Structures are given as structure tokens and as C-alpha cells.
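This report concerns only the one structure given below.
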Amino acid sequence: MPNLLGGCLCGALRYEIRSPPLRVTLCHCRFCQRTTGSSHLVEPLFDRADLHVTAGVPTVYRHRSEGSGRHLDLHFCPVCGTTLFMTFERFPGLCGVYAGTLDDPAAIEVRPDNAKQVFVASARPEAVLLPGLATFAGPAMDAAGVPHAPRVHDAPQIVGRRGCEPLPGDDAQPR
């Protein structure tokens with residue numbers, strides 16, 4: 001995979017990533033909804049050492065996670081305010097990139113072997129959950145790092161107002 005390039009809206013802050021993502025998280029929590037202004041965040045995770053800021057200096061905003069109680073550091077452009085990536089107190093060697101800031105967001109593949117969906121209990125009612133991905137109502141692990149059991153859907157699911165519902169015309173049941 002060639003290096004991934006990305007940057008902010010105004011171009012003052014640019015970065016390069018020199019490895020493929022370790023995994024991809026589709027996060028539906030309220031924090032990610034607020035920071036993206038969208039229904040969820042597509043967050044490829046990388047070794048922090050593989051992300052290099054090539055132009056500009058990001059400003060950092062520290063936020064305490066409601067889920068883990070640990071800090072997240074949001075790295076954003078001081079000129080236009082675009083949030084580019086975050087680093088984690090809980091996972092010090094990793095960084096999560098806001099996929100929409102990549103020059104080619106489609107370079108990040110979301111597959112059952114590399115991705116999960118988290119905090120779907122907070123998902124917007126019209127959100128569609130992808131089939132084959134490990135899916136969690138909240139975080140994928142508890143505060144002590146113990147993994148939760150995922151749910152995996154055989155077909156796309158629409159969250160709906162009453163929880164996950166199959167898309168119209170689809171009789172598949174979640175496993």
C-alpha cells in the first residue's frame with residue numbers, strides 16, 4: 001500500500017501515514033457524532049510512529065472520554081479548525097485518523113477482518129449497520145480491557161427507533 005496523504009480543509013496542515021491501518025472503527029458515539037458533524041466516524045487506527053505531520057503544527061484539545069474516563073487528544077488545524085486525528089491515553093502507541101481528512105478516503109477498506117462498529121446504541125435511527133462486522137452496543141471492551149461479545153449481522157441492518165431492524169425485503173436474522 002502506498003503512503004496515505006491527508007490534510008485539513010484550508011491546506012495549512014498536512015500529514016502522511018507510512019503504513020496500512022491496523023484496524024478500522026466505525027464509531028456511532030455522541031462524541032464522534034459531534035466531532036464529525038455526521039452520523040458516525042470512520043476511524044482507521046495506525047501506529048502513532050507511522051503518522052507524520054508534513055506541514056503546519058496541529059493544535060491539541062484534550063477531552064475526557066465518558067466511556068473509559070481516560071483522555072483523548074484531538075489534533076486539529078489552528079487555521080480552519082479541521083480535526084485530523086486523535087491520540088489516546090488508553091492506547092498510547094496508536095492514533096485514530098478522521099478518514100474524511102485523507103486525500104483519498106476510499107483507500108481505507110472496511111472489511112469483516114479489519115473493522116468493527118461500536119456504540120450502535122447511540123446511532124442515529126437511519127444509520128445502517130454493515131453486515132459481517134463485529135458490532136457492539138457500546139465499547140468493544142470494558143474499562144479494564146476485557147472484550148465484550150460482539151453481535152454480527154448477516155445482512156445490513158437499519159438501527160431504527162426500536163433497535164436494529166432488517167432492511168425492507170431482507171429476512172436475515174442477526175447471529
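The values are calculated or read from the model by the stated rules, or taken from the named source; none is laboratory data. The model shown is predicted, which means the values in this text are computed figures rather than measured ones. Cβ atoms come from the backbone with ideal geometry, glycine included; neighbour counts cover every protein chain shown.
Are there any pairs with C-beta distances below 7 angstrom linking a residue in region 70-94 that is surrounded by 16 or more Cβ atoms within 10 Å (Cβ to Cβ) to a residue that is acidic (D, E), with the two at least 6 apart or on different chains, and if so which?
Hits for this filter: M86/D73; T87/D73; L94/D47.
Among the listed residues A107, A121, A99, identify the single one that is farther than 21 Å from T54 by Cα and either touching a residue at least 60 places away in the same chain (Cβ under 8 Å) or not aromatic (F, W, Y) (or both).
One residue alone meets the criteria, A121.
Among the residues in region 35-58, are any farther than 18 Å from L129 by Cα, among the aliphatic types (A, V, I, L, M) and either crowded, with 20+ Cβ neighbours inside 10 Å or in contact with a Phe, Trp or Tyr (Cβ under 7 Å, 6 or more places away or on another chain) (or both)?
yes
When region 100-123 is examined, which residues are found to be part of a loop (DSSP other than H, G, I, E, B) and of a type in the set (A, V, I, L, M)?
I108, V110, A123
Inside region 103-123, can you point out the residues that are aliphatic (A, V, I, L, M) and either more than 15 Å from L45 (Cβ to Cβ) or exposed (fewer than 15 other Cβ atoms within 10 Å of the Cβ) (or both)?
Those that are aliphatic (A, V, I, L, M) and either more than 15 Å from L45 (Cβ to Cβ) or exposed (fewer than 15 other Cβ atoms within 10 Å of the Cβ) (or both): A106, V120, A121, A123.
Please go through region 124-149 and pick out each residue that is surrounded by 16 or more Cβ atoms within 10 Å (Cβ to Cβ) and either in a strand (DSSP E or B) or not aliphatic (A, V, I, L, M) (or both).
L129, P131, A134, T135, F136, P139, listed by residue number.
Run A99 past the list (1) more than 17 Å from C27 (Cβ to Cβ); (2) surrounded by 15 or more Cβ atoms within 10 Å (Cβ to Cβ); (3) of a type in the set (G, A, S) and report the number of the one that doesn't hold.
(1)
Just checking, does region 51-74 include any residue being within 14 Å of the chain's Cα centre (by Cα) and at pLDDT below 95?
Yes, some residue in region 51-74 is within 14 Å of the chain's Cα centre (by Cα) and at pLDDT below 95.
Filter region 1-22 down to residues that are surrounded by fewer than 18 Cβ atoms within 10 Å (Cβ to Cβ), at pLDDT 95 or above, under 19 Å from A49 (Cα atoms) and not hydroxyl-bearing (S, T, Y), then give me how many there are.
Of the residues in that region, 6 qualify.
What's the number of the condition Y61 fails, among (1) without any contact (Cβ under 8 Å) to a residue 40 or more places away in the chain; (2) over 26 Å from A134 (Cα atoms); (3) surrounded by 15 or more Cβ atoms within 10 Å (Cβ to Cβ)?
Just one mismatch for Y61, condition (3).
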